[in-house]
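Colleague: Dropping a structure here in structure tokens format, bear with me for questions.
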Amino acid sequence: MEKKYRKEIHKATKYIQSRMGISLPESSVAIFLGSGLGEFIRNVEILGRIPYQKILGFRKPSVPGHAGELILARQNSTVFWIASGRIHYYEGYGMETVTFPVHVLAKLGVHVLILSNAAGSVSGDLHPGDVVILEDHINGMGANPSRHRFLLEKPFTDLMETYNKKLISDFMAIGQKYSVPIKKGIYYAVSGPSFETPAEIRMMAKLGADMVGMSTVPEAVAGKYHGMKIFAFSVISNYGSGISGNGVDHGSVLETVKESMNALNPVLLEFIGNMKSLDEDNEYAGNSVLPE
């Protein structure tokens, strides 16, 4: 099983390289776009794109708001990967499938991983439209991506500082420059796909969570396994059940996120555009343990 998995990663990497006409490492930065965040793509120079279904091991997302493309893009002098949409654990896939793109990106030379998502507010201090950087997370998904024979070379990944403090500081500074309010919080990951009950939201608040979602943690843990520097942010799309008295639907989630991205895009573009110079200084260099 693990040999087959490694071969699929190798084949997927070679296919991407051949389709994009690149050599390693072309880019050391990648971003996963969560629900409703696809508008970001309109603001960057596209160098190439491949539908997920054409890449061995990748799966086309079934959820609205996730395009399902791997894109090579450029912002200023930074060439970077965009995973436009993701698949989720709740779509019926195992964690090894959910995190497969992260392992391929590691093979492609990525060591800075940016993750984004739409999340519900657990705290009364967070409101729809708020941008919140992840300081930490609580994995309530009932599964861990490290539980795979492929990862036995280093099964006990250290998550002491999952989310890179330097990246957080840089993003906050750029947000201040553009007068975009940015908060920090703790993300509670659930398996989904049903939204949470009021009792579950109250439990999460008591455990110290600020927002809740159904993604990001698998990719963060897989990226940390490879020694990547992780940065993640949520766009608050709704209040958790029982906070506002209203229900939650995915359509309103997408609309709220799209509106917030109009203000956030300049911040994200400058953040990524600065990565090339930082990378040359080896400031964010990682240490992938992906075997050949």
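Each value in this text was obtained by applying a stated rule to the coordinates, not by laboratory testing. Source: prediction; values computed, not measured. Glycine gets a Cβ as well: all are built from the backbone with ideal geometry, and neighbour counts include every protein chain shown.
Colleague: Give the calculated FRET efficiency between ILE41 and TYR93 to the nearest 0.05, with a Förster radius of 41 Å applied to their Cβ-Cβ distance.
Modeller: That pair, ILE41 with TYR93, gives E of 0.95.
Colleague: By how many nm would the segment from PHE156 to ASN144 lengthen if fully extended, with 0.36 nm per residue of separation less the alpha-carbon distance?
Modeller: Contour length minus the Cα-Cα distance gives 3.2 nm.
Colleague: Grab the beta carbon distance between ASN262 and LYS60, set R0 = 25 Å, and tell me the FRET efficiency rounded to 0.05.
Modeller: 0.35
Colleague: Right, here's the next one. For GLU2, put the label point 7 Å out on the Cα→Cβ axis and report which residues of the stretch 215-230 keep their amide N under 18 Å from it.
Modeller: So the set is 222-223, 225-227.
Colleague: A further question on this structure: If I model a spin label at GLN17 and ARG74 as a point 7 Å from the Cα along the Cα→Cβ vector, what separation in nanometres do I get?
Modeller: Using points 7 Å along Cα→Cβ, the separation is 2.1 nm.
Colleague: Select from the stretch 142-222 those chymotrypsin sites (Phe, Trp or Tyr not before Pro) which occupy a DSSP coil region and have at most 16 other Cβ atoms within 10 Å, ordered by residue number.
Modeller: Within the stretch 142-222, the qualifying chymotrypsin sites (Phe, Trp or Tyr not before Pro) (loop, at most 16 other Cβ atoms within 10 Å) are PHE156, TYR178.
Colleague: Can you bin every Cα-Cα distance in the stretch 2-280 into 5 Å intervals starting at zero and give me the percent of pairs per bin, rounded to whole numbers?
Modeller: The distribution over the stretch 2-280 is 1, 6, 13, 18, 20, 18, 13, 7, 3, 1, 0, given as percents.
Colleague: Contour minus end-to-end for LYS177 and ALA199, with contour as 0.36 nm per residue of separation and end-to-end as the Cα-Cα distance?
Modeller: In short, 4.0 nm is gained.
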